[in-house]
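Visitor: After the structure tokens below, expect a handful of questions from me.
The values are calculated or read from the model by the stated rules, or taken from the named source; none is laboratory data. From a predicted model like this one, the values you see are computed outputs, not experimental measurements. Positions of Cβ are generated from backbone atoms using ideal geometry, with glycine treated the same way; all protein chains shown enter the neighbour counts. For the accessible areas, the whole protein counts, side chains as well, though only heavy atoms, and no ligand, DNA or RNA atoms are used. Shrake-Rupley method; radii C 1.70, N 1.55, O 1.52, S 1.80 Å.
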Protein chains: 2
Amino acid sequence: MRKMVLYDTTLRDGTQAEGISLTVNDKLRIVKKLDDLGIDYIEGGWPGSNPKDMEFFIRAKRLKLKHAKITAFGSTRRARTKPSQDMNIKALLKSGCSVCTVFGKSWDLHVKDILKVSLNENLDMISDTISYLKSRKIKVFFDAEHFFDGYKYNPDYANKALQAAQDAGAEAIILCDTNGGMLTCELADVVLQVKPRINVSLGIHCHNDSEMAVANSVAAVMAGCDHIQGTINGYGERCGNANLCSIIPSLQVKLGIKCLSSAKLKELTEVSYYVAEACNMKQLDTQAFVGSSAFAHKGGVHVNAVLKKPQSYEHIEPQIVGNKRRILISELSGKSTLLTKARELHIGLRKNSDHTIKILKLLQDMEYQGYHFEAAEASFELLLNRQMKKHKKFFELEGFRVINEKDEDGCLYSEARIKVRVKKKIKHTVCEGQGPIDALDGALRESLVGFYPKLADMHLSDFKVRVLDEKAGTAAKVRVLIQSQDSEKSWWTIGVSENIIEAGWQALVDSVEYKLLKG
Amino acid sequence: MRKMVLYDTTLRDGTQAEGISLTVNDKLRIVKKLDDLGIDYIEGGWPGSNPKDMEFFIRAKRLKLKHAKITAFGSTRRARTKPSQDMNIKALLKSGCSVCTVFGKSWDLHVKDILKVSLNENLDMISDTISYLKSRKIKVFFDAEHFFDGYKYNPDYANKALQAAQDAGAEAIILCDTNGGMLTCELADVVLQVKPRINVSLGIHCHNDSEMAVANSVAAVMAGCDHIQGTINGYGERCGNANLCSIIPSLQVKLGIKCLSSAKLKELTEVSYYVAEACNMKQLDTQAFVGSSAFAHKGGVHVNAVLKKPQSYEHIEPQIVGNKRRILISELSGKSTLLTKARELHIGLRKNSDHTIKILKLLQDMEYQGYHFEAAEASFELLLNRQMKKHKKFFELEGFRVINEKDEDGCLYSEARIKVRVKKKIKHTVCEGQGPIDALDGALRESLVGFYPKLADMHLSDFKVRVLDEKAGTAAKVRVLIQSQDSEKSWWTIGVSENIIEAGWQALVDSVEYKLLKG
């Protein structure tokens, strides 16, 4: 079975993404997770460009990794500088990594117009750097930056750059589509042309500027590459890097090329979510293979078919990557969807019982009013529990009042007062907020946390508002969706009303009750 | 120059996405936008499956489109049913579309295990349906559902399904990767094999389950397809459909295959935003070509290089698709856009005047805070007028107070009190509403209508709320967009604040002032 070398650059190229910035602790956590998954090489940073990265390398040395090797990234030596005196190369040595990835220019335009050195000098810079690191017992991977653009305009020179790296002893040569502009068939063609000239490992490094980084990486493997560089969730500069979470299952499940053990492949969804959290990014629901919508089915025809024959609407079994099928409750769905969903939630509903018929009718009514349970599974679960009389009421509302006041000076002030009863105790709270829903959220949780301390562990993480019937303008029905999270999970709840405060209140109540129900 | 047929299914397949649900008004607005862009066919819905779609088709008939044709989607006839008596086919005819897209099975597994009819019966279902529609003067496109999976397991039968459609008179045959599981090189191979057998237009319809829908669509075109089906921003079931916003520029800019006029291609970024707003989805910053990060450069080396030679780190010029390079230091970006826009509004702004520089700086600040003037041109016009001191103040706010109160019986009551001054007269009004913004809207207009009777002629027609920084939960910044209309026109205004009431207030004030300005 063909085996792939997996090279992760989430910690280096991934952090070039807008909005991602990792602490050394975050990076170390991610290293452990990726090592555990079975990644072969983890690029930790660019010590010569970012002095903060050195702390990472020092602390990473103390990690006991099972399998992965940590690599440091750097450029070829500067023009007219000996490698031994080049700051960037000194930093590579100081990182203590036994494997380093060195990038160099292979596009003549960059050599002439950006570096402003002669074409031959650039080739010397590549050889010297690799030979020097080799002499210091460092294994070198060579990233041929802008290789594909270079090959398009001056194939002869692009090849010479690879040759220089190979002759100097690079252990792997990686073809980079740095600008991310290559089309898949063209890229595969170039790999096929280059492959016979290279007698070391050949790698691929793609960017997603044409939304083709995954396809390009897989096509490169089919054309002969055996080393893949990418990032978890495709994080990276501009439109991102090639997404390992999509490449790995495509190679392994569809082409039978070994990347991870089957047991570890089942952890891919969790790793994707873990890295998203560590990077403080929302994991994309629509992400291939690992997203929460990747195996979500809506609409009666599809749902019936997928329950009969999963392969009828699923390209792989979701369990293979640790994901799961989700049947969405929508206006198009009928009884079988409801029963399947109830089973998933371990709520016993029988096919023709009165309960089932009553709940189905209620759902249809609520969906007609604008509830949208596919987007709010926690509210759906609460609704089933309430209907099955399994629901314990955690508190009673005695009343609330939300005031928003603006005076001549233009300042706006929002305040919520709330009175709740838990068993026989009344709690009356007032809270300011940056808007009416925020004030209400603060007041509700403050009034309950004394009774239920675990509420301190949750917070709201997303908030969406949708107007349902445009014709009525601001008196239209409004749907509020709220996402809450604690240290372990996140959940969505919903409220619908003509009054945005009422809709927000319903979603807030469900958010808190779900936390209390699930612990 | 080779020319591509563009077929958009945002309104049908796109609405299968989790979290997207469009009103008829949303759909009509999107149709106008896509027609204006130059899309050839716009699939409006599935009238036989979703009764709500019929209203769309009735109202769409009244639209005056420049170029696009609206199509209706439906399945082949049921087994043992005459086409003329099939409800689904009746609904297609009732839609009034002169072009219909009919999908049929081409994977034997689906025929046997899902439809449970004989293989021959399915071929008859395809022919009968197409022949019948043709006899009613309807042009038919045939979507061969699951074609690639079918071809993998039983190529002979998959070909027969295409042949049946071709023989019955389909004007185009579309190969569908319904489960989205195909790898690019494999898919291109199949298209090459099928192409010689088809003598009508050959199309491609991809899903993104392997994160390859764009690459697959472009590869299919390179292998001979001349009809592309996809959605704006790749919206669609599970991981989405093929993203037209990535496919169009790849074909046109990189392969020289004509999709849109160059002038219209420049509107692609705006269309992407517009459709995202209409769907109430956040446009992905990292989206290829049209995302706000797609040409954003971070890090000194890249920035310097890109300023010297844009192609050093950009695969295409961002202007081609109406996007822009984003570099933190570029104070001057956007000036020509501002001047163009001012010219459109007949506001005289000179290129290097202090006014221009001041307004540009203000716009950049406001956009940084979350204002989004592409979606609210009325607010933009008011802002220019205010800055040019051409703006007359119609009223002064002395203060308002909005109260929302809920008591034990569960009823929620919203009331706004407002005090305004017009010249020297004070007017104090109180108004109930079905929510705080509605109450405020009522109170504001009631307090002003005595001074400005023409306000009686306007009302609010749409209201959208978007949370800008998801991580902050209910205390996040909120953008409110309000659409207003009178008997002649409609206009959008905007407000941004951490307090939804303040954001709504800003948009309401602009809404009223715009009406007073324009009469």
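Visitor: Scan the stretch B:319-344 for residues that are modelled with pLDDT of 85 or more and either buried (at least 19 other Cβ atoms within 10 Å of the Cβ) or touching an Asp or Glu at 6+ places or on another chain (Cβ under 8 Å) (or both) and report the count. Give the derivation first.
Guide: Step one: list which residues in the stretch B:319-344 are modelled with pLDDT of 85 or more, which gives B:319-324.
Then drop every residue that is not either buried (at least 19 other Cβ atoms within 10 Å of the Cβ) or touching an Asp or Glu at 6+ places or on another chain (Cβ under 8 Å) (or both), which leaves B:321-323.
Going through the stretch B:319-344 one residue at a time, the tally reaches 3.
Visitor: Within the stretch B:269-291, is even one residue more than 11 Å from chain A (Cβ to nearest Cβ) and either without any contact (Cβ under 8 Å) to a residue 12 or more places away in the chain or over 16 Å from the mean Cα position of the chain (by Cα) (or both)? Write out each step before concluding.
Guide: Step one: of the stretch B:269-291, the residues more than 11 Å from chain A (Cβ to nearest Cβ) are B:269-277, B:283.
Then keep just the ones that are either without any contact (Cβ under 8 Å) to a residue 12 or more places away in the chain or over 16 Å from the mean Cα position of the chain (by Cα) (or both); that gives none.
No, every residue in the stretch B:269-291 fails to be more than 11 Å from chain A (Cβ to nearest Cβ) and either without any contact (Cβ under 8 Å) to a residue 12 or more places away in the chain or over 16 Å from the mean Cα position of the chain (by Cα) (or both).
Visitor: Right, A:Lys64: more than 24 Å from the chain's Cα centre (by Cα), away from chain B (no Cβ under 14 Å) and free of Cβ contacts under 8 Å to residues at least 24 places away in the same chain or not? Give the derivation first.
Guide: Details: more than 24 Å from the chain's Cα centre (by Cα): yes; away from chain B (no Cβ under 14 Å): yes; free of Cβ contacts under 8 Å to residues at least 24 places away in the same chain: yes.
Criteria met by A:Lys64.
Visitor: Considering only residues that are more than 7 Å from every other protein chain (Cβ to nearest Cβ) and open to solvent by 40 Å² or more (accessible area, probe 1.4 Å), look in the stretch B:393-404 and name the one that is farthest from the chain's Cα centre (by Cα).
Guide: Residues of the stretch B:393-404 more than 7 Å from every other protein chain (Cβ to nearest Cβ): B:393-397.
Then drop every residue that is not open to solvent by 40 Å² or more (accessible area, probe 1.4 Å), which leaves B:393, B:396.
Working: B:Lys393: 36, B:Glu396: 38 Å.
Only one residue tops the list, namely B:Glu396.
Visitor: Just to verify a result, which residue in the stretch A:488-517, among those that are of a type outside the set (A, V, I, L, M) and under 20 Å from A:Gly450 (Cβ atoms), is most open to solvent (accessible area, probe 1.4 Å)?
Guide: Filtering the stretch A:488-517 down to residues of a type outside the set (A, V, I, L, M) leaves A:488-493, A:495, A:497-499, A:502, A:504-506, A:510-511, A:513-515.
Cutting the leftovers down to under 20 Å from A:Gly450 (Cβ atoms) gives us A:511, A:513-515.
Values: A:Ser511: 1, A:Glu513: 8, A:Tyr514: 30, A:Lys515: 5 Å².
That would be A:Tyr514.
Visitor: Further, regarding this structure: Can you confirm whether B:Lys419 is without any contact (Cβ under 8 Å) to a residue 12 or more places away in the chain, open to solvent by 70 Å² or more (accessible area, probe 1.4 Å) and more than 8 Å from every other protein chain (Cβ to nearest Cβ)? Talk me through it step by step, then tell me what you get.
Guide: Values: without any contact (Cβ under 8 Å) to a residue 12 or more places away in the chain: no; open to solvent by 70 Å² or more (accessible area, probe 1.4 Å): yes; more than 8 Å from every other protein chain (Cβ to nearest Cβ): yes.
Criteria not met by B:Lys419.
Visitor: Specify which of the listed residues (B:Asp143, B:Asp156, B:Asp149) is touching a His at 6+ places or on another chain (Cβ under 8 Å) and farther than 20 Å from B:Thr81 by Cα. Steps first, answer last, please.
Guide: Numbers: B:Asp156 fails: touching a His at 6+ places or on another chain (Cβ under 8 Å); B:Asp149 fails: touching a His at 6+ places or on another chain (Cβ under 8 Å).
When all the criteria are applied, what remains is B:Asp143.
Visitor: Would you call B:Glu270 at pLDDT below 95 and more than 19 Å from B:Leu37 (Cβ to Cβ)? Steps first, answer last, please.
Guide: Details: at pLDDT below 95: yes; more than 19 Å from B:Leu37 (Cβ to Cβ): no.
When the stated conditions are applied, B:Glu270 does not pass them.
Visitor: Considering only the stretch A:1-19, how many residues are surrounded by 24 or more Cβ atoms within 10 Å (Cβ to Cβ) and touching a Lys or Arg at 6+ places or on another chain (Cβ under 6 Å)?
Guide: Looking only at that region, the number is 1.
Visitor: Tell me yes or no: at least one residue of the stretch A:360-376 is of a type in the set (A, V, I, L, M, F, W, C) and at pLDDT below 80. It would help to see each step written out before you state the result.
Guide: Filtering the stretch A:360-376 for residues of a type in the set (A, V, I, L, M, F, W, C) gives A:360, A:362-363, A:366, A:373, A:375-376.
Within this subset, residues satisfying the condition of being at pLDDT below 80 are A:373, A:375.
Within the stretch A:360-376 (the criterion being of a type in the set (A, V, I, L, M, F, W, C) and at pLDDT below 80), the answer is yes, since at least one residue qualifies.
Visitor: Within the stretch A:80-103, identify whether any single residue is within 14 Å of chain B (Cβ to nearest Cβ) and part of a strand (DSSP E or B), and answer yes or no. Quick ask: steps written out before the conclusion?
Guide: First, pick out the residues of the stretch A:80-103 that are within 14 Å of chain B (Cβ to nearest Cβ): A:88, A:103.
Of the ones still in play, those that are also part of a strand (DSSP E or B) are A:103.
Scanning the stretch A:80-103 turns up at least one residue that is within 14 Å of chain B (Cβ to nearest Cβ) and part of a strand (DSSP E or B).
Visitor: Among the candidates B:Lys477, B:Lys427, single out the residue that is open to solvent by 40 Å² or more (accessible area, probe 1.4 Å) and in contact with a Phe, Trp or Tyr (Cβ under 9 Å, 6 or more places away or on another chain). Quick ask: steps written out before the conclusion?
Guide: Working: B:Lys477 fails: in contact with a Phe, Trp or Tyr (Cβ under 9 Å, 6 or more places away or on another chain).
On inspection, the qualifying residue turns out to be B:Lys427.
Visitor: Then there's this: If you scan the stretch A:126-171, which residues turn out to be assigned to a loop (DSSP other than H, G, I, E, B) and in contact with a strand residue (DSSP E or B) (Cβ under 6 Å, 6 or more places away or on another chain)? Break it down into steps so the answer makes sense when it comes.
Guide: Here is the first cut: in the stretch A:126-171, the residues assigned to a loop (DSSP other than H, G, I, E, B) are A:136-138, A:146, A:154, A:169-171.
A:Ile138, A:Ala170, A:Glu171, listed by residue number.
Visitor: Considering only the stretch B:69-79, state which residues are part of a strand (DSSP E or B) and not basic (Lys, Arg).
Guide: Here is the first cut: in the stretch B:69-79, the residues part of a strand (DSSP E or B) are B:69-75.
Matches in the stretch B:69-79: B:Ile70, B:Thr71, B:Ala72, B:Phe73, B:Gly74, B:Ser75.
Visitor: Also, quick follow-up: Picking from B:Asp457, B:Asp407, B:Asp462, B:Asp441, which residue would you name as being within 27 Å of the chain's Cα centre (by Cα), at pLDDT below 95 and either open to solvent by 50 Å² or more (accessible area, probe 1.4 Å) or under 28 Å from B:Cys279 (Cβ atoms) (or both)? Steps first, answer last, please.
Guide: On the way: B:Asp457 fails: within 27 Å of the chain's Cα centre (by Cα); B:Asp407 fails: within 27 Å of the chain's Cα centre (by Cα); B:Asp441 fails: within 27 Å of the chain's Cα centre (by Cα).
Of B:Asp457, B:Asp407, B:Asp462, B:Asp441, the one residue that is within 27 Å of the chain's Cα centre (by Cα), at pLDDT below 95 and either open to solvent by 50 Å² or more (accessible area, probe 1.4 Å) or under 28 Å from B:Cys279 (Cβ atoms) (or both) is B:Asp462.
Visitor: So for the stretch B:47-56 (the condition being under 19 Å from B:Asp128 (Cβ atoms), open to solvent by 10 Å² or more (accessible area, probe 1.4 Å) and part of a strand (DSSP E or B)), does at least one residue qualify?
Guide: No, the stretch B:47-56 contains no residue that is under 19 Å from B:Asp128 (Cβ atoms), open to solvent by 10 Å² or more (accessible area, probe 1.4 Å) and part of a strand (DSSP E or B).
Visitor: Within the stretch B:127-150, is even one residue within 14 Å of another protein chain (Cβ to nearest Cβ), over 19 Å from B:Asp13 (Cα atoms) and at pLDDT below 95?
Guide: No, the stretch B:127-150 contains no residue that is within 14 Å of another protein chain (Cβ to nearest Cβ), over 19 Å from B:Asp13 (Cα atoms) and at pLDDT below 95.
Visitor: Kindly indicate whether A:Glu446 is at pLDDT 80 or above, within 12 Å of another protein chain (Cβ to nearest Cβ) and open to solvent by 40 Å² or more (accessible area, probe 1.4 Å).
Guide: It is false that A:Glu446 is at pLDDT 80 or above, within 12 Å of another protein chain (Cβ to nearest Cβ) and open to solvent by 40 Å² or more (accessible area, probe 1.4 Å).
Visitor: Quick one: in the stretch A:95-149, which of the residues that are within 35 Å of the chain's Cα centre (by Cα) and aromatic (Phe, Trp, Tyr) is most open to solvent (accessible area, probe 1.4 Å)?
Guide: A:Phe103
Visitor: Next up: Given the conditions (1) at pLDDT 90 or above; (2) open to solvent by 70 Å² or more (accessible area, probe 1.4 Å), report the number of the one that A:Glu381 does not fulfil.
Guide: Only one criterion in (1) at pLDDT 90 or above; (2) open to solvent by 70 Å² or more (accessible area, probe 1.4 Å) is unmet by A:Glu381, namely (2).
Visitor: Any residue in the stretch B:76-94 that is hydroxyl-bearing (Ser, Thr, Tyr), under 19 Å from B:Gly169 (Cα atoms) and in contact with a helix residue (DSSP H, G or I) (Cβ under 6 Å, 6 or more places away or on another chain)? I'd like the intermediate steps shown before the answer.
Guide: Kept after step one, since they are hydroxyl-bearing (Ser, Thr, Tyr), are these residues of the stretch B:76-94: B:76, B:81, B:84.
Next, from what is left, pick out any that are under 19 Å from B:Gly169 (Cα atoms): B:76, B:84.
Subsequent filtering for residues that are in contact with a helix residue (DSSP H, G or I) (Cβ under 6 Å, 6 or more places away or on another chain) retains B:76.
Yes: the stretch B:76-94 contains one or more residues that are hydroxyl-bearing (Ser, Thr, Tyr), under 19 Å from B:Gly169 (Cα atoms) and in contact with a helix residue (DSSP H, G or I) (Cβ under 6 Å, 6 or more places away or on another chain).
Visitor: Taking the condition of being modelled with pLDDT of 85 or more, more than 8 Å from chain A (Cβ to nearest Cβ) and in contact with a helix residue (DSSP H, G or I) (Cβ under 8 Å, 6 or more places away or on another chain), how many residues in the stretch B:292-318 meet it?
Guide: Qualifying residue count, the stretch B:292-318: 1.
Visitor: So which residues in the stretch A:363-374 are out of contact with any Phe, Trp or Tyr (no Cβ under 6 Å at 6 or more places or on another chain) and surrounded by 15 or more Cβ atoms within 10 Å (Cβ to Cβ), if there are any at all?
Guide: Filtering the stretch A:363-374 for residues out of contact with any Phe, Trp or Tyr (no Cβ under 6 Å at 6 or more places or on another chain) gives A:363-372, A:374.
Scanning the stretch A:363-374 gives A:Leu363, A:Met366, A:Glu367, A:Gly370, A:Tyr371, A:His372, A:Glu374.
Visitor: Would you mention how many residues in the stretch B:153-163 are more than 11 Å from chain A (Cβ to nearest Cβ) and surrounded by fewer than 22 Cβ atoms within 10 Å (Cβ to Cβ)? Let's see the steps before the verdict.
Guide: Initial filter on the stretch B:153-163 (more than 11 Å from chain A (Cβ to nearest Cβ)): B:154-163.
Okay, now just the ones that are also surrounded by fewer than 22 Cβ atoms within 10 Å (Cβ to Cβ), so B:154-157, B:159-160, B:163.
Residues in the stretch B:153-163 being more than 11 Å from chain A (Cβ to nearest Cβ) and surrounded by fewer than 22 Cβ atoms within 10 Å (Cβ to Cβ): 7 in total.
Visitor: Identify the residue in the stretch B:1-32 that is closer than 18 Å to A:Gly370 by Cα and among the β-branched types (Val, Ile, Thr) and, among all such residues, is modelled with the highest pLDDT.
Guide: The first filter runs over the stretch B:1-32 and keeps only residues closer than 18 Å to A:Gly370 by Cα, leaving B:15-27.
In the following step, the residues that additionally are among the β-branched types (Val, Ile, Thr) were identified as B:15, B:20, B:23-24.
Details: B:Thr15: 91, B:Ile20: 85, B:Thr23: 83, B:Val24: 87.
Selected residue: B:Thr15.
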